[in-house]
Amino acid sequence: MNPGVAIAALVVVSVATAVIGFYGLRISRTTGDFYVASRTVRPWWNASAIGGEYLSAASFLGVAGLILLSGTDALWFPVGYTAGYLMLLLFVAAPLRRSGAYTIPDFTEARLDSRIVRKVTSLVVVVVGWLYIVPQLHGAALTIRITTGLPSWVGSVAVVIVVCLTVVAGGMRSITFVQAFQYWLKLTALAVPILFIVIVLAGTGTPALSAPAVNPTSLPPAGAYQNVSLLVALLFGTLGLPHVLVRFYTNPDGQSARRTTVIVLGLLSVFYLFPTAYGLVARMFAPGLARANQADALVLLLPGELVGGTAGDLLSALVVAGAFAAFLSTTSGLVVSLAGVISQDVLGGEVGGFRLAAVISAVVPLGFAFMTDSMALAGSVGLVFAFTASTVCPVLLLGIWWRGLTDAGAIAGMVTGGFLCGGAMIAGALVGAANLAPWLAQPAAWTVPTAFAVMLVVSHATAHRIPATMARVMTRLHTPERPLVTER
C-alpha cells in the first residue's frame with residue numbers, strides 16, 4: 001500500500017486518541033476519577049470501552065492469520081475469548097463490583113485480611129499486565145514495518161507515547177472515552193473493507209478458485225489436548241485479566257456490571273465475525289499471503305491484494321487505523337490497571353503517584369518488546385491467558401465463592417501456578433516451536449487444575465488462618481446492592 005496513506009491514517013487515529021483523552025482531563029479531578037471514573041460509567045459506554053481494550057492485537061490481526069494457517073482449529077480463539085465473558089457474567093462481575101475495591105490486590109487483601117497476599121497479588125498482576133502489553137507493541141511494530149517501511153521500533157514507541165499522554169492526562173475517565181471510540185473504529189475498520197472485498201469478488205467472479213485453494217503452509221491439525229487446553233486458558237484467563245476486571249469497579253452498581261457484561265458479549269460476537277471472514281476469504285482467494293511472517297499481516301494486506309489501486313489503498317488505510325486503535329486501546333487499559341496497582345502499593349496512591357506509575361507501566365514492557373521477537377500474535381496472547389488462568393483466576397473464583405480460602409492457600413496456589421506456567425513458557429521459548437510437546441505448548445490444561453488444587457489443599461491444612469472478617473466480606477459480596485421492594 002501507499003506508505004504516505006498509511007502514515008496519515010496512523011497520525012489521524014493517534015491525534016484523535018490524544019484529543020479525546022485530553023477531553024477527559026476536563027472532568028477528571030479526584031482520585032476516584034483517575035482509578036475508577038468515580039463509578040459513574042453506564043453500561044453501554046463501559047461495554048464499548050471493554051470491547052475497545054479487550055480486542056487486542058491478537059483479536060484484530062492474529063485470529064485472521066491463524067485461520068489462514070490452520071483453518072477451523074483457530075476458531076477456538078474467538079469462541080474462547082467470547083465465552084470467557086459469559087463466565088465473567090455468571091461468577092465474577094457483580095460480586096467483584098460489590099467488593100468496593102479499586103484493584104485486584106485491594107480485593108484479595110480485603111477478602112483474606114492479609115498484606116502479604118496483597119503484595120503477591122500485586123506482583124502477579126504486574127507480571128500479567130507486562131506480558132500482555134508486549135504483544136501489543138509487537139503488533140504495532142509489525143504494522144509500521146509492513147505498511148510504511150519505517151523501522152519496527154517506531155510503532156512500539158508511538159504506542160507508548162500516545163498511551164502515556166492519554167492515561168497521564170485523565171486516568172480511567174479519559175481512557176473510557178478513548179476506548180469506547182476505539183471499539184467502534186476497530187469494528188468499522190474491519191467491516192467496511194471485507195464487505196467491499198466481497199462485493200468486488202462477487203462482481204468479478206472467482207478466478208482464484210480455479211487454482212488449488214489448499215494453503216501449502218498450513219499448520220498441522222491440533223489434537224484434542226491442544227484444543228481443550230487452549231479453551232481452558234481462554235475461558236479461565238479472561239476471569240483474571242486485570243484491565244478487564246477493573247472495568248467492573250467503574251459501574252454504578254452490580255446490576256449495571258451484569259448489564260455491561262451482557263452487552264459486551266453481543267459486541268464481541270459481532271466483532272469476531274469479521275476477522276473470521278478475513279481468514280476464510282484469504283484461504284480461498286489469497287493463499288499466497290501465508291508465506292513466512294505474513295500471516296499476522298493478513299488483515300493489513302488483503303485489501304491491496306484483492307482490490308488494489310486507490311480503493312485498495314484507502315481500505316488498507318482504514319484497516320491500519322483500526323489496527324493501531326487496537327494496540328492503543330488494549331495498552332492503555334493495561335497501563336491504567338497497572339498504574340493503579342503500582343501507585344497504591346509503592347507510590348502512595350495519589351494522582352501524582354498514579355501518573356508516575358503509568359509511565360513506568362508503559363516503559364518497562366517497551367524494553368522487553370525491544371529484546372524479544374514477535375511470535376504469532378494470537379498464540380502469544382494465548383500463553384498470557386494461560387498464565388493468568390493459573391494465577392489470578394483461582395484466587396478470584398475461590399475468594400468469591402468459597403469460605404474456606406486462606407491467605408496461605410492463596411499464596412501457595414498463585415506461586416505454584418505462576419512457576420509452572422511461566423516455566424512452561426520459558427522452556428517453550430528455549431526449545432523452539434517446532435519441537436514443543438503439546439503439554440508444554442499449551443500448559444493451561446494441567447497448570448490451572450494444579451493451581452486450584454494447591455489452593456484447596458493448603459487452605460484446608462491452614463483452616464485456622466481463615467480471617468475473622470470472612471463472614472462479613474462474603475455477605476457484602478453476595479448481597480444485592482439494590483434489593484427488590486415487594487408491594488404489600
Problem set entry | Separation of the Val364 and Ala437 label points, Cα + 7 Å toward Cβ, nm | 3.2 nm
Exercise. One-quarter of the Cα convex hull surface for the range 47-192, in nm²?
Worked result: 11.0 nm²
Exercise. What list of whole percents do you get for P(r) of the range 323-395, with Cα-Cα distances grouped in 10 Å bins up to the one holding the largest distance?
Worked result: 17, 40, 36, 7
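In whole Å and largest first, what semi-axes does the C-alpha gyration tensor of the range 122-197 yield when each eigenvalue is scaled by 5 and square-rooted? Don't skip to the end; give the middle numbers.
Values: eigenvalues 115, 72, 35 Å².
The equivalent ellipsoid of the range 122-197 has semi-axes of 24, 19, 13 Å.
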Seminar exercise, completed: Applied in sequence order to the range 5-11, the curve 6.51 cos²θ - 1.76 cosθ + 1.60 (Karplus, θ = phi - 60°) yields integer Hz couplings, x standing for Gly and Pro, of 5, 5, 5, 4, 4, 5, 5
For this session: Take the alpha carbon atoms of the range 435-482, find their center, do the same for the range 93-130, and report the distance between the two centers in whole angstrom.
Result: 13 Å
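How big is the equivalent ellipsoid of the range 79-146 along its three axes, where each semi-axis is √(5λ) from the Cα gyration tensor, reported in whole Å from largest to smallest?
Details: eigenvalues 176, 72, 14 Å².
The equivalent ellipsoid of the range 79-146 has semi-axes of 30, 19, 8 Å.
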Seminar exercise, completed: For the range 359-370, Karplus-derived ³J(HN,Hα) couplings (6.51, -1.76, 1.60; θ = phi - 60°; whole Hz; x for glycine and proline) come out as 5, 4, 5, 8, 6, 4, x, 4, x, 5, 5, 5
For this session: May I ask you to give the average projected area over all directions of the convex hull of the Cα atoms of the range 436-481, in nm² rounded to one decimal?
Result: 5.2 nm²
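How big is the range 307-351 by the Kirkwood estimate over distinct Cα pairs, in Å?
Working: mean 1/r = 0.0774 Å⁻¹.
About 12.9 Å for the range 307-351.
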Problem set entry | Estimated vicinal HN-Hα couplings, Hz - the range 405-421 in sequence order (Karplus 6.51, -1.76, 1.60; Gly, Pro = x) | 5, 10, 5, 5, x, 4, 5, 4, x, 5, 5, 5, x, x, 5, 5, 5
For this session: Note down the accessible area of Leu306, probe 1.4 Å, to the nearest 10 Å².
Result: 40 Å²
Exercise. Using mean Cβ contacts within 10 Å as the protection proxy, how do 352-362, 5-15, 338-348 order, highest first?
Worked result: 338-348, 352-362, 5-15
Exercise. How much accessible area does Phe387 have with a 1.4 Å probe, in Å² rounded to the nearest 10?
Worked result: 20 Å²
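The values are calculated or read from the model by the stated rules, or taken from the named source; none is laboratory data. Treat the numbers as computed from the prediction; the structure is a model and nothing was measured. Every residue, glycine as well, gets a Cβ built from its backbone with ideal geometry; the counts of neighbours run over all protein chains shown. To get the accessible areas, we keep the full protein, side chains included, count just its heavy atoms, and leave off ligands, DNA and RNA. Shrake-Rupley method; radii C 1.70, N 1.55, O 1.52, S 1.80 Å.
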